[in-house]
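Inspection log for the structure reproduced underneath, given as structure tokens.
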Amino acid sequence: MASQFVARSLDEIRFWSRIMKEHALFLSLGFNFDDTKLIQEAQQYIDLFERIEQQLGQFTVNSDPQQIATFNNQVYQAAASIWAYKRKVLGLSLRCEIRSNNFPLLLDHTSREAAYFAERLKELNEGKLKPTPAKIIKENVFFLRIMADHSKFIGHLLDPSERKLVDQAREFSHDFDQLVFQATDLDSMRPQSETQPILDHFLDENRVSVVALRDFKKAARELIEECRIKSIIHPLLADHVFREAERFLHIIDMFEASLTSNK
Ligand SMILES: [Fe+2]
Ligand SMILES: [Fe+2]
């Protein structure tokens, strides 16, 4: 149990610290060149999460759980802090106090990911290692919405002349919006909906769509890296959204395994 706590904590921090660092980079690239204070703040977050990644290197799965709990707390503070920064930028953007190339939905989206990261660390420190059926449904609602957002970002950042790809992105957006509603319905039917067959099917259906989107993102990433399509998508952003889809698939597998072990 203790070693599982350590391994899970390190895995969450490894994945999400890199994501947080990249968010700060994407935001900094989207600001106007004279918004120097916001760009500086973004750079501070890049440095902060880089330091966390370096600290991570000191730990292994055999590390002392107490030390890991302290590290989790420290990283929690960093995640909460970047969350507040993203919400501040969202406010500035919605009040038109800044003009930037970061969509408000992207700012909101990245803040939701920071909140998720912070919440995961809190739960780990509270000893919540095994997902409950309620948790499985809620995490799916969260990730399906993330996937729906990604499809929308891709559709809007591709060059408008890439009509076929824009159409495909729009179809994914529609598909995931439907899945979000479906998952929200299931959530409101709780706890009656928490039956094994219902949850199994729910995960299977979500997996099929996430695999398709993951493959689409992978193809897009290659096309962007090789400069074979027209877009304003940063190659690192293409890779970033691909990794988040892989993460969701990994989580679906973990949920499925935990349901099977309950049988
Ligand atoms: Fe992200
Ligand atoms: Fe994302």
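The values are calculated or read from the model by the stated rules, or taken from the named source; none is laboratory data. Everything numeric here is computed off the predicted structure, so don't read it as measured data. Neighbour counts are summed over all protein chains in view; Cβ atoms, including those assigned to glycine, are modelled from backbone coordinates with ideal geometry. Side chains included, ligands, DNA and RNA excluded: accessible areas come from the protein's heavy atoms. Shrake-Rupley method; radii C 1.70, N 1.55, O 1.52, S 1.80 Å.
Here the condition is being under 24 Å from Gln182 (Cα atoms) and over 12 Å from the mean Cα position of the chain (by Cα); of Lys135, Lys122, it holds for Lys135 alone.
All conditions but one from (1) under 16 Å from the mean Cα position of the chain (by Cα); (2) in contact (Cβ under 8 Å) with a residue 60 or more places away in the chain; (3) closer than 15 Å to Ala118 by Cα apply to Leu27; the one that does not is (3).
Okay, residues lined up against (1) modelled with pLDDT of 95 or more; (2) within 16 Å of ligand 2 (Cβ to nearest atom); (3) closer than 19 Å to Leu237 by Cα; (4) not small (Gly, Ala, Ser):
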| site | (1), (2), (3), (4) |
| --- | --- |
| Val6 | yes, no, no, yes |
| Ser9 | yes, no, no, no |
| Ser17 | yes, yes, yes, no |
| Lys21 | yes, yes, yes, yes |
| Leu25 | yes, yes, yes, yes |
| Gln54 | yes, no, no, yes |
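Considering the range 91-192, the qualifying helices (runs of 4 or more DSSP H), each wholly inside and each with 3 or more residues that are open to solvent by 30 Å² or more (accessible area, probe 1.4 Å) and within 16 Å of ligand 1 (Cβ to nearest atom), run over 104-125, 133-157. Residues of the range 1-60 that are acidic (Asp, Glu), open to solvent by 20 Å² or more (accessible area, probe 1.4 Å) and part of a helix (DSSP H, G or I): Asp11, Glu41, Asp47, Glu50, Glu53. Kindly evaluate Ala220 against the criterion of being over 13 Å from Asn140 (Cβ atoms), aliphatic (A, V, I, L, M) and in contact with a helix residue (DSSP H, G or I) (Cβ under 9 Å, 6 or more places away or on another chain). Answer is yes for this residue. Which of the residues that make up the range 135-173 are acidic (Asp, Glu) and within 11 Å of ligand 2 (Cβ to nearest atom)? Answer for the range 135-173, where residues must be acidic (Asp, Glu) and within 11 Å of ligand 2 (Cβ to nearest atom): just Asp149.
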